[in-house]
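To start, the structure itself, in C-alpha cells.
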Amino acid sequence: MGFFKQMKDMKDGVAAAPGMIDQAQQMAANAQVFQAQAMAQQQAVMQQAAAHQAAAAGNLAAQPGGLDPIAGVGLQQYASVVKAIAPLNYDQSLLPGIAASRGIDGASWQQAHDGWNARIQGDPAVARAFSDAYQGA
C-alpha cells in the first residue's frame, strides 16, 4: 500500500468518526432503555411470584367476599363436587348430575361453577383455599 493511499484512508476514517461516535452513543442509549425495561419486567415477575408464594404459605387473605358462597354453594361443597369426577376420568359433563345428587339445582351449579372458577383464577388466596378444600374432600 502506498503512502498516499494510507493518507487517504486515514482522512476517510477521521471524516467518518463523528458519525460512528453518534451511532455508538445511540446504541448505548438503546442498551440503557432495554436494561431498564428488562429490570422492570423482572421486578414484576418477582412480585407476582412472591404473591403466589405468600398465598401458598397461607400469608394472604382472600379478597373481601372471596370465600363467600356463590348461588348457595360454598367452596368446600364446590371442591367436593369437582373432586367427585376424578374417578370418572375427570368428565366435566358429569358435574351437573353430581351437583344435583347433592341438592344443587342446575342453574345454581352453573353460576357457582363459573363464579368459583373465576375467583380461583383471579385470587391466589382463593386458589390456595380451594386446593386445601379439594385435598380434604
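Annotations
- Ellipsoid fit via the Cα gyration tensor, region 75-136: semi-axes of 19, 14, 10 Å, each the root of five times an eigenvalue, largest first.
- This model, with +1 at the C-beta of Lys and Arg and -1 at the C-beta of Asp and Glu, gives region 75-136 a dipole about its Cα centre of some 120 debye.
- Membrane-span-like helices of the chain, defined as complete DSSP H segments with a Cα extent of 30 Å or more along the helix axis and a mean Kyte hydropathy of at least 1.6, are absent.
- Extending 7 Å from Cα along the Cβ direction at Met39 and again at Leu94 yields two label points whose distance is 5.5 nm.
- Placing +1 on each Lys and Arg Cβ and -1 on each Asp and Glu Cβ, with no other charges, gives the chain a dipole about its Cα centre of roughly 360 debye.
- Dipole of region 75-136, positive end: most advanced residue of Gly115, Gly136, Gln77 [Cβ charges, Cα centre]: Gly136
- Using the average count of surrounding beta-carbon atoms within 10 Å as a protection proxy, the listed peptides 25-37, 67-79, 103-115 rank, highest first, as 67-79, 103-115, 25-37.
Computed from the coordinates by the stated procedures, all read-outs in this text should not be read as laboratory data. All values reported here derive from a predicted model rather than from experimental measurement. Reconstructed Cβ throughout: ideal geometry from the backbone, glycine too, with neighbour counts over all protein chains shown.
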